[in-house]
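Take a look at the structure set out below.
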Amino acid sequence: MKKCLFLFFLLVFNSSFSQNDYMSGKFKYCELHPSYNEKFNLGLEALSYKKYVGAAASIFLEITKKEPSSCDAFFWAGFSFRMLNKNKEALLCYYIADSLAQNKSIEFKQNLASISIVEGKIKLSRKKYEEIIQFFPSSPEGYYGVALTSTMIGDYENGLNNMLIAVDKYGEITGDVYYQKELLLGVLLTLNKQYDTGLIHLEECESKYRNDVNFKSHYALCLLKTSEMNKDEKMKAKAKKIYDKIENKDEISDDLKIEFKF
């Protein structure tokens with residue numbers, strides 16, 4: 001599956017479920033000398049304005065030079081760099097912040113895991129999601145992240161098991177996040193060869209993703225395999241029609257490509 005779709009999953013789920021008091025700047029995980037509080041708060045305020053994000057990054061970096069044990073300053077520096085699309089710098093700052101926090105912050109691990117995917121460091125991302133499960137077991141984020149990275153690592157059964165836990169922990173969701181949940185669940189069911197069940201979930205989000213190559217490839221395969229099980233020629237014809245609409249067959253993952261035999 002293409003990484004751009006994974007990132008779309010990642011960004012929307014994170015923005016929907018990660019809003020909390022910490023991200024609102026209401027507390028810190030690490031001690032900061034009182035003399036730097038005013039400057040720290042100025043950095044947070046600067047982040048509220050797009051044109052001042054660069055200034056915010058400079059403020060937080062300046063604090064880290066004076067207070068190198070401030071995990072929060074490193075985190076917000078990373079957050080600023082992420083907003084500036086300076087992903088390598090963001091990853092480094094997030095990594096330092098998470099190390100300094102000593103497993104106290106789910107936000108540090110979430111952001112480090114996310115940026116690691118963006119930078120292609122999938123093993124690091126998986127490690128951080130597993131740490132979220134270990135240290136924050138009531139949160140769905142770690143389970144969702146393991147499910148997401150399973151599509152890149154290839155441990156699809158593990159991914160599906162974690163996705164089912166995540167769905168249960170997220171509870172009732174609506175809007176775009178619901179459709180993304182259905183798509184990832186459908187993809188994982190397809191990769192686990194549970195085609196008839198995968199078809200149900202993919203049909204739930206067909207109206208949203210019918211033009212996406214990742215959706216079309218998984219949906220077409222579910223239709224094909226389900227049609228073979230049910231001896232349904234009409235369904236098989238629909239599978240072929242959708243498959244033929246994928247102009248560049250190289251965009252289909254190798255795991256799926258070998259299964260298409262009409």
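The values are calculated or read from the model by the stated rules, or taken from the named source; none is laboratory data. Since this is a predicted model, take the numbers as computed values, not measurements. No Cβ is skipped: glycine too gets one built from the backbone with ideal geometry, and neighbour counts run over all protein chains shown. Keep in mind that these areas ignore ligands, DNA and RNA; they rest on the heavy atoms of the full protein, side chains included. Shrake-Rupley method; radii C 1.70, N 1.55, O 1.52, S 1.80 Å.
Identify the residue in region 84-134 that is outside any helix (DSSP H, G or I) and not small (Gly, Ala, Ser) and, among all such residues, is nearest to Gly54 (Cα to Cα). I'd like the intermediate steps shown before the answer.
Going residue by residue through region 84-134, those that are outside any helix (DSSP H, G or I) are 84-86, 102-105, 119-121.
Then keep just the ones that are not small (Gly, Ala, Ser); that gives 84-86, 102-104, 119, 121.
On the way: Leu84: 7, Asn85: 11, Lys86: 11, Gln102: 28, Asn103: 28, Lys104: 27, Glu119: 21, Lys121: 25 Å.
Filtering region 84-134 for residues that are outside any helix (DSSP H, G or I) and not small (Gly, Ala, Ser), the one nearest to Gly54 (Cα to Cα) comes out as Leu84.
Looking at region 42-61 only, could you name the residues that are open to solvent by less than 80 Å² (accessible area, probe 1.4 Å) and either part of a helix (DSSP H, G or I) or farther than 22 Å from Asp21 by Cβ (or both)? Give the steps one after another, and end with the answer.
So the first thing to find is which residues in region 42-61 are open to solvent by less than 80 Å² (accessible area, probe 1.4 Å), and the list is 43-44, 46-47, 53-61.
Those that are open to solvent by less than 80 Å² (accessible area, probe 1.4 Å) and either part of a helix (DSSP H, G or I) or farther than 22 Å from Asp21 by Cβ (or both): Gly43, Leu44, Ala46, Val53, Gly54, Ala55, Ala56, Ala57, Ser58, Ile59, Phe60, Leu61.
Hey, among the residues in region 114-128 that are closer than 16 Å to Phe81 by Cα and open to solvent by 20 Å² or more (accessible area, probe 1.4 Å), which one's farthest from the chain's Cα centre (by Cα)?
Glu119
Sort out which residues of region 199-219 are under 16 Å from Phe260 (Cα atoms) and not β-branched (Val, Ile, Thr), and write them in order of number. Even if it seems obvious, please write down each step before you answer.
To start, the set of residues in region 199-219 that are under 16 Å from Phe260 (Cα atoms) comprises 199, 213-219.
Within region 199-219, Leu199, Asn214, Phe215, Lys216, Ser217, His218, Tyr219 qualify.
For region 159-262, which helices (runs of 4 or more DSSP H) that fit wholly inside it have 2 or more residues that are closer than 30 Å to Ser138 by Cβ and free of Cβ contacts under 8 Å to residues at least 60 places away in the same chain?
On the way: elements: 175-191, 195-204, 206-209, 213-230, 233-244, 254-257.
In region 159-262, 175-191, 195-204 are the helices (runs of 4 or more DSSP H) which contain 2 or more residues that are closer than 30 Å to Ser138 by Cβ and free of Cβ contacts under 8 Å to residues at least 60 places away in the same chain.
Each row is one residue, and each column tells you yes or no for (1) open to solvent by 50 Å² or more (accessible area, probe 1.4 Å); (2) under 30 Å from Leu256 (Cβ atoms); (3) at pLDDT 95 or above.
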{"site": "Cys4", "(1), (2), (3)": "yes, yes, no"}
{"site": "Lys26", "(1), (2), (3)": "yes, no, no"}
{"site": "Ala73", "(1), (2), (3)": "no, no, yes"}
{"site": "Trp76", "(1), (2), (3)": "no, no, yes"}
{"site": "Phe81", "(1), (2), (3)": "no, no, yes"}
{"site": "Ala90", "(1), (2), (3)": "no, no, yes"}
{"site": "Ser105", "(1), (2), (3)": "no, no, yes"}
